[in-house]
């Protein structure tokens with residue numbers, strides 16, 4: 001193999017251009033590679049809501065894929081999308097079309113839920129379409145076109161004239177409302193998070209509707225039973241309180257007599273504890289006696305025993321004649 005500088009520059013240039021073109025094609029189509037293409041899913045919407053191919057797919061605001069197709073399928077819209085392979089979507093995942101910019105650009109928001117892996121189309125019951133900004137501004141234009149601008153101007157002049165000489169308390173109240181509105185506007189992200197969490201809570205409560213109804217029904221039955229037994233419970237509590245008072249009085253009245261008894265009981269317990277080994281041995285030795293004694297009295301109201309040599313044994317005095 002000769003030196004690189006001695007090779008044909010035309011061939012080297014052609015090979016270099018081929019490599020560069022191949023790398024460019026690979027860079028522009030890298031998302032189509034099998035290992036990097038991601039997983040494909042679909043969702044059914046009642047309307048597309050301005051969503052189109054190429055829009056982002058996001059989870060909690062983070063981009064995880066893109067929309068690959070929006071097609072009409074029967075009475076609903078089928079939205080195809082791809083997500084990265086590291087994104088886990090459960091079997092109860094829901095989808096929502098949301099507004100990305102004020103100009104009306106949309107994105108598909110996913111809310112992963114459930115166990116397992118999503119392997120079916122997300123049904124209409126778990127999808128929500130967004131209200132189109134263009135339609136909103138069109139409705140606004142239609143509404144504002146019907147407003148009597150002269151009458152509105154007169155109303156604003158009247159309000160300005162009224163508040164011009166208003167007391168300090170009224171102006172302070174208006175300024176307070178303005179500060180409140182600015183505070184609410186500055187906390188828009190926190191309010192959105194709070195509403196998302198509230199949506200999650202209502203979703204959980206909706207899924208557990210049957211359990212909650214059963215719990216309330218059982219609680220109602222328990223309260224009804226307690227109400228029926230209220231008199232008995234009241235008598236029980238009164239009797240318990242009376243018994244407590246009687247026991248307290250008994251202990252108080254016999255404190256001098258109880259104290260020596262408790263002291264003597266403590267002495268007895270000390271003696272028993274000191275002789276625990278002898279007591280254990282006595283109980284062990286008592287077991288054979290108890291067994292024989294039980295056998296002796298086990299046949300009724302008489303003793304069943306045997307006394308040796310009271311009656312002579314047969315043949316003890318020689319053969320009988």
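Mind checking the full-extension length gain between residue 208 and residue 273? Use 0.36 nm per residue of separation minus the Cα-Cα distance, one decimal, nm.
On the way: separation 65, 0.36 × 65 = 23.40 nm, distance 5.99 nm.
Answer, rounded to one decimal: 17.4 nm.
Of 40, 86, how do they rank once you tally other Cβ atoms within 10 Å and put the fewest first?
86, 40
Based on the Kirkwood radius over alpha-carbon pairs, what is the Stokes-Einstein translational diffusion coefficient of region 41-98 at 20 °C with 1.002 mPa s viscosity, in µm²/s?
Reported coefficient: 181 µm²/s.
Which length gain, in nm to one decimal place, applies between residue 199 and residue 234 when the Cα-Cα distance is subtracted from 0.36 nm times their residue separation?
Working: separation 35, 0.36 × 35 = 12.60 nm, distance 4.44 nm.
Result for the pair: 8.2 nm of gain on full extension.
Gap in Å between the Cα centre of region 86-102 and the Cα centre of region 33-84?
9 Å
What's the ranking of 71-82, 203-214 by average number of surrounding C-beta atoms within 10 Å, highest first?
Listed from highest to lowest mean packing, they are 71-82, 203-214.
None of the figures in this text is laboratory data; all of them are computed from the coordinates on show. Just so we're clear, the structure is a prediction, and the values are computed from it rather than from any experiment. Cβ atoms come from the backbone with ideal geometry, glycine included; neighbour counts cover every protein chain shown.
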